[in-house]
Amino acid sequence: MHTPTTTPAPDERIRELRGRIDRMDAELAALLERRALVAAEVQRLKPVGYFAGRDPRRERELVERMAEHAPRLGAERLSAIMDSVISAGLSAAQEDAERRR
C-alpha cells in the first residue's frame, strides 16, 4: 500500500520560508538600529569622527571575523554589505549631530 507523502505544496513552502525571512529581516533591522546607535556614540567620542574617522584596517578585520561566521557570503560580499551598513550608520549619526547643533 502506498502512503501519501506530507510534503507541503511549493506555494505553501514558499510562504513558510518567506515568513521566516520576514522574521529574520525584522531581527536584522533591530540589530542594525542598535549597531548604528552604538557607532554614533563612538563617533561622538572620536577626535575626528563620521566619514573622516573611518578606519579601513578595522573594517577589514571586522569583515574577516564576520566571514568566519558566514562562509557562504564570504569576505568580498560581506565587505560590500558592511560598507553600506557603516556608511548608513555614519550618515544617520552625522544628521543627528547636525540637528543637535
Check your understanding: What residue among P71, A9, P47 has its Cα farthest toward the positive end of the dipole of the chain, where the charges are +1 on Lys, Arg and -1 on Asp, Glu, each on the Cβ?
Key -> P47
Check your understanding: Going by accessible area, probe 1.4 Å, with all protein chains left in place, what is the ranking of L90, L37, largest first?
Key -> L37, L90
Review point. For the Cα atoms of the chain, what angle does the longest principal axis make with the long axis of helix 56-69, in degrees from 0 to 90, nearest 10?
Key: 20 degrees
Exercise for review: Can you tell me how much longer the chain between R65 and E33 gets when fully stretched, taken as 0.36 nm per residue apart minus their C-alpha distance, in nm with one decimal?
Suggested key: 9.5 nm
Practice item. Would you indicate which of [x] 21, 16, 13; [y] 40, 18, 9; [z] 34, 11, 10 is the value of semi-axes √(5λ) of the Cα gyration tensor in Å derived from the coordinates of this structure? Key: [y]
Practice item. Sort L28, L62 by accessible area with a 1.4 Å probe, largest first. Key: L28, L62
Review point. Given +1 on the Cβ of Lys and Arg, -1 on the Cβ of Asp and Glu, and no further charges, what dipole in debye does the range 15-101 carry about its Cα centre, rounded to the nearest 20?
Key: 100 debye
Revision key, fill the gap. Taking Cα atoms only, helix 10-45 is inclined relative to the longest principal axis of the chain by an angle, in degrees rounded to 10, of 10 degrees
Practice item. Would you compute, from DSSP H runs of 4+ residues alone, the mean residue ellipticity of the chain at 222 nm, taking -39500 (n - 2.57) per run and dividing by the full residue count, rounded to the nearest 500? Key: -27000 deg cm²/dmol
Practice item. Could you tell me what percent of the accessible area of the chain is made up of carbon and sulfur, with a 1.4 Å probe and every protein chain present? Key: 56 percent
Check your understanding: Taking a 1.4 Å probe, which of M66, M82, M24 shows the most accessible area, and what order do the others take after it?
Key -> M24, M66, M82
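The values are calculated or read from the model by the stated rules, or taken from the named source; none is laboratory data. Keep in mind the model is a prediction, meaning the values are calculated, not measured. Heads up, the Cβs are rebuilt from the backbone with ideal geometry, glycines too, and the neighbour counts pull from every protein chain shown. To get the accessible areas, we keep the full protein, side chains included, count just its heavy atoms, and leave off ligands, DNA and RNA. Shrake-Rupley method; radii C 1.70, N 1.55, O 1.52, S 1.80 Å.
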